[in-house]
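As structure tokens, the structure follows; a few thoughts come after it.
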Amino acid sequence: MIGLSGPAVAKLFDPSNGDLDPDVMIDLDFSEDSYLNTRVPYVEKVWDTAKKLEQFGVNLGTLPDKATFGRSRKLAGSYKRGRVDVSEDISIVVHDWEVAINEGSWIESGSEQHAFLIDVAASKKSSASVVKHVGDLAGKVSQSLGEALNANVQNEWLVDGKLTLRLRTQGSFSKPEVDMLTKLPDVEGLIEDYAKKKATDFLFKHLGRDKD
């Protein structure tokens, strides 16, 4: 259920030629009891993509039936020729995660085509837990590799101290293509490769052979 209130300004005619071409500017507030039904393919696919973080010690939990609106509690943008363009971020809260549909995102009501840029941000508490988990993993590899992993977390993952994934979704809203723009290192794979290298170094050393 979504309740909206606020002003909308409509221009009915194209000023360049006088043709009827409605252009509606909206600046609406979500009511306190508004919520989104999460049992739709779009939300489920985005949530499944975010679950890639579980390899880094993140527990997203199960997707609740409802999501509420967060810090902005506003729907601002424009509607013209069946297309909605978002002019201010839309904030949605799921557990202690915030999902923001960013400014510049759009969707067409008829075709269901869309292009969203999304930030999925954890709480600072959960973010600190992830940083510690990756730090523990980094301690199992060489110093240079560990430093590179920690730098990746600081530079690629954290925004204002919060673990933040940036996603891009596009295509049909009911069957979206979801691309993760944030670079996630294969930490477990790196550690496994490092362990194999150490074992190979040990064998060559004790077999008295030089590596090619």
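The values are calculated or read from the model by the stated rules, or taken from the named source; none is laboratory data. If you're wondering where the values come from, they're calculated on a predicted model, not measured in any experiment. For neighbour counting, all protein chains shown are included, and Cβ atoms are generated from backbone atoms with ideal geometry for every residue, glycine included. These area figures cover heavy atoms from the full protein model, side chains too; ligands, DNA and RNA do not enter into them. Shrake-Rupley method; radii C 1.70, N 1.55, O 1.52, S 1.80 Å.
A Förster radius of 25 Å combined with the Cβ-Cβ distance from Glu156 to Val93 puts the calculated FRET efficiency at roughly 0.60.
Surface composition of the stretch 1-55: carbon and sulfur atoms hold 59% of the protein heavy-atom accessible area at a 1.4 Å probe. Ligands, DNA and RNA aside, Ser123 has an accessible area near 30 Å² when probed at 1.4 Å.
Going by accessible surface with a 1.4 Å probe and the largest first, Glu103, Glu88 read Glu103, Glu88. When nucleic acids and ligands are ignored and a 1.4 Å probe is applied, Phe13 ends up with an accessible area of around 120 Å². About the centre of its Cα atoms, the chain shows a dipole size close to 840 debye [charges on the beta carbon of Lys, Arg (+1) and Asp, Glu (-1) only; nearest 20 debye].
The figure for Asp19 is an accessible area of roughly 90 square angstrom, using a 1.4 Å probe on the protein chains alone.
Ratio of Rg to Rh for the stretch 123-173: 1.13 [Cα atoms; Kirkwood radius as inverse mean 1/r over pairs]. Computed as a quarter of the hull surface, the mean projected area of the alpha carbon convex hull for the stretch 1-83 stands at 8.0 nm². Principal-axis analysis of the Cα atoms of the chain puts helix 124-138 at an angle of about 30° to the longest axis.
Along its first, second and third principal axes, ordered by size, the chain spans 87, 38, 28 Å in Cα coordinates. Among the listed pairs Lys66/Lys183; Lys80/Lys162; Lys51/Lys175; Lys52/Lys74, which are separated by more than 25 Å between their Cα atoms? Correct reply: Lys66/Lys183; Lys80/Lys162; Lys52/Lys74. Per-residue extension of 0.36 nm, minus the Cα-Cα distance of Asp65 and Ala128, leaves a gain of 20.0 nm for this segment. Can you grab the distance from the C-alpha centre of the stretch 31-56 to the C-alpha centre of the stretch 60-125, Å, no decimals? Each part reduced to its Cα centre gives a spacing of 11 Å. For the chain, the longest principal axis of the C-alpha atoms and the axis of helix 143-152 are separated by about 0°. Considering only Ser174, Ser144, Ser127, the Gaussian network model of the chain with Cα springs below 10 Å gives its largest mean-square fluctuation to Ser144. Sorting Arg81, Arg168 by solvent-accessible area of protein heavy atoms yields Arg81, Arg168, largest first, with a 1.4 Å probe. Each Lys or Arg adds one and each Asp or Glu takes one away; over the other residues whose Cβ falls under 13 Å from the Cβ of Asp23, this sums to 0. Taking every alpha-carbon pair in the stretch 75-129 and binning the separations at 5 Å intervals from zero gives 5, 19, 22, 19, 14, 9, 6, 4, 1, 0 percent.
Solvent exposure of the chain amounts to 59 Å² per residue of accessible area, where only protein heavy atoms count and the probe is 1.4 Å.
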